[in-house]
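What follows is one structure encoded as structure tokens, with my remarks underneath.
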Amino acid sequence: MPLPRCGHEHTVPCAKAVQLEQWTGVQCEEQDVVCEGVVYGPKDFNACRKKVTFRRRCGHESSMPCEEAFRMAESGPPLCTEQVIAKSPHCGHDCKISCHELPNLSNI
């Protein structure tokens with residue numbers, strides 16, 4: 001049966017299938033993409049390990065197991081360490097910094 005939150009196919013015990021049919025939450029808008037900050041609702045199944053894309057608010061993406069992506073969407077992921085090019089406000093040169101440092105660029 002497809003899990004209601006992620007849509008991945010899993011074999012589940014009959015009792016769990018009945019519970020899943022009554023799940024109330026938000027399904028992923030895009031198959032295999034879990035987005036930071038979206039409240040998907042209660043956990044539907046503990047063991048979904050299929051690889052999905054986790055999309056941060058900043059737009060950067062990471063590949064990880066489904067259940068981990070939903071956990072990060074709810075609780076917030078660690079800071080984005082993707083390297084980006086930004087113009088230094090002090091000298092105007094391009095510099096490489098971690099994405100999470102962009103809001104504080106004037107302090108770097």
How many residues, within segment 27-40, are in contact with a Pro (Cβ under 9 Å, 6 or more places away or on another chain) and either within 27 Å of Leu79 (Cβ to Cβ) or of a type in the set (Gly, Ala, Ser) (or both)? 1
Give me the pairs, please: first residue somewhere in segment 25-45 and over 16 Å from Glu61 (Cα atoms), second residue anywhere and open to solvent by 30 Å² or more (accessible area, probe 1.4 Å) and of a type in the set (Ser, Thr, Tyr), beta-carbon distance under 9 Å, and either six or more positions apart or on two chains. Gly41/Thr24; Pro42/Thr24
State yes or no: is Val33 of a type in the set (Val, Ile, Thr), surrounded by fewer than 16 Cβ atoms within 10 Å (Cβ to Cβ), at pLDDT 90 or above and closer than 12 Å to Cys6 by Cβ? yes
Output the qualifying pairs, or none if there are none: Cβ atoms under 8 angstrom, residues six or more apart or on different chains, first residue in segment 71-89 and touching a residue at least 12 places away in the same chain (Cβ under 8 Å), second residue open to solvent by 90 Å² or more (accessible area, probe 1.4 Å) and hydrophobic (A, V, I, L, M, F, W, C). Glu74/Val39; Ser88/Ile108
Condition first: surrounded by 13 or more Cβ atoms within 10 Å (Cβ to Cβ) and assigned to a helix (DSSP H, G or I). Now tell me which residues in segment 69-108 satisfy that. Ala69, Phe70, Arg71, Met72, Ala73, Glu74, Cys99, His100, Glu101, Leu102, Leu105
Restricting to segment 11-56, count the residues that are out of contact with any strand residue (DSSP E or B) (no Cβ under 9 Å at 6 or more places or on another chain), within 15 Å of Ala69 (Cβ to Cβ) and of a type in the set (Lys, Arg). 1
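The values are calculated or read from the model by the stated rules, or taken from the named source; none is laboratory data. What you see is a predicted model; the values in this text were computed from it and never measured. Please note: Cβ atoms are built from the backbone with ideal geometry, for glycine as well, and neighbour counts cover all protein chains shown. Please note that ligands, DNA and RNA were not included when accessible areas were found on the heavy atoms of the full protein model with its side chains. Shrake-Rupley method; radii C 1.70, N 1.55, O 1.52, S 1.80 Å.
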